Amino acid sequence: MWSSSKFLRALSINPKLVRTSKHNAASGKSKSKHQKVLRVVMVRHGESEWNSKNLFTGWYDAELSPKGILEAEEAGYTLKKMKICFDTAYTSVLARAIDTLKIIQAIINHRGIPVYKSWRLNERHYGALTGLNKAETAEQYGEDKVKLWRRSYDVPPPAMTPDHPYYKRIVYDTRYKKDPPKEIFPMYESLKLTLERTLPYWEQTIWRQIRKGNRVLIVAHGNSLRGIVKKMENLTDEEIVGVNIPTGIPFQYLLDLHTMKPIYPTRRYLGDPDVVRKATEAVVSQGKAKK
Ligand SMILES: O=C(OP(=O)(O)O)[C@H](O)COP(=O)(O)O
C-alpha cells in the first residue's frame with residue numbers, strides 16, 4: 001500500500017508536473033480595473049482511506065487513499081485546463097485536506113502561494129461515531145437515525161468519551177496543543193456547532209481576502225464545506241439536509257464585485273455533470289444499511 005506522503009515526496013521531484021504548468025498566480029495581480037466578478041473555489045479533499053472503508057472520520061487524521069490521490073490530481077488538472085489561478089489557499093489541519101491542496105498546488109504550479117491552515121476548517125467532530133462503519137451503524141440504529149446524525153442541521157452525534165479508541169489520539173494530538181483552547185475543544189459536533197466555529201474564520205479571514213479581490217481556494221471537508229455552502233446559498237436548516245458534497249470535485253461561486261452576492265444562487269461544480277451526480281449519490285448511499 002502506498003501512502004499519500006510517499007506520493008507527495010515523489011511529486012515534489014517530478015519535473016513533468018512542473019514543466020507543463022504555465023500559470024503562477026503568486027506573481028499575478030489579483031484585482032484588475034475591469035474585473036466585475038470575483039471567484040472563490042472550494043473542494044472537498046480526495047477520498048481518504050477511511051472514506052474508502054465507509055467509516056465516520058471527523059477529527060481522525062486519515063490519509064488519502066490511492067483513489068483520493070488521483071481525485072486530487074484530477075481536480076488540479078481541471079483547474080489548470082480552465083486556467084483558474086489563486087492568490088491564497090485555506091485548508092484544515094488534517095492531512096487529507098493538506099495533501100489534496102499540495103497535489104493541486106503542484107499541478108497548477110501554485111506552490112508559492114500563501115497557505116493558511118486552521119482547525120476551524122476541520123471536518124465536524126463525529127464524536128462517538130468516529131471509526132464506526134456507516135452501513136453497520138445504519139443496520140444497528142436504523143437509516144433514519146444515521147441520516148439525522150449525518151445530515152440534520154442541529155442533531156449532534158453522541159459525545160466521544162475518554163474510553164473511545166480514538167480519544168487520546170485526537171485530544172493529545174500535538175497539532176491541537178494551542179488551538180482550539182481546552183474549553184472549546186469539541187467532543188462531538190452537529191453541523192450547527194461546526195458552522196459556529198467555522199463562521200468566524202470564514203467571515204474574519206477568508207471573506208475579507210475575497211472582498212479585497214484575492215482569488216481564494218479552500219480545500220476542506222464534506223461537512224465544514226456544507227456549513228459554508230449553507231451560508232453562501234442562504235439555505236434553511238431543512239434545505240441543507242439535502243446537500244451532499246463529493247470528494248475531489250472543485251466547485252465555484254462567482255460573486256458580483258459590487259454586491260458580493262453569488263451570480264448564480266447555487267455552487268457550480270467544475271466537472272462532468274454525470275460524474276458529479278453519481279459521486280453525490282454515492283455519498284448519500286454511504287448511510288444505507290447493507291441489504
Ligand atoms: O470525515 C468525514 O468527512 P471528510 O471525508 O470530508 O473529512 C466524514 O466521515 C464524512 O461523513 P458524512 O458524509 O457521513 O458526513
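The values are calculated or read from the model by the stated rules, or taken from the named source; none is laboratory data. Just so you know, these numbers come straight off a predicted model, no measurement behind them. We place every Cβ from the backbone using ideal geometry, glycine too, and count neighbours over all the protein chains shown. These area figures cover heavy atoms from the full protein model, side chains too; ligands, DNA and RNA do not enter into them. Shrake-Rupley method; radii C 1.70, N 1.55, O 1.52, S 1.80 Å.
Residues in region 73-101 that are within 13 Å of the ligand (Cβ to nearest atom) and either farther than 28 Å from Tyr172 by Cα or buried (at least 24 other Cβ atoms within 10 Å of the Cβ) (or both): Thr91, Ser92, Leu94, Arg96, Ala97, Asp99, Thr100.
If you take the residues in region 201-237 that are away from the ligand (no atom under 16 Å from the Cβ), assigned to a helix (DSSP H, G or I) and of a type in the set (Ser, Thr, Tyr), which one is nearest to Gln286 (Cα to Cα)? This residue is Tyr201. From the list Tyr176, Tyr188, Tyr201, Tyr167, the one residue that fits, being surrounded by fewer than 21 Cβ atoms within 10 Å (Cβ to Cβ), touching a Lys or Arg at 6+ places or on another chain (Cβ under 6 Å) and aromatic (Phe, Trp, Tyr), is Tyr201. Only residues that are open to solvent by 50 Å² or more (accessible area, probe 1.4 Å) and either hydroxyl-bearing (Ser, Thr, Tyr) or more than 16 Å from the ligand (Cβ to nearest atom) (or both) were counted in region 238-255, giving 2.
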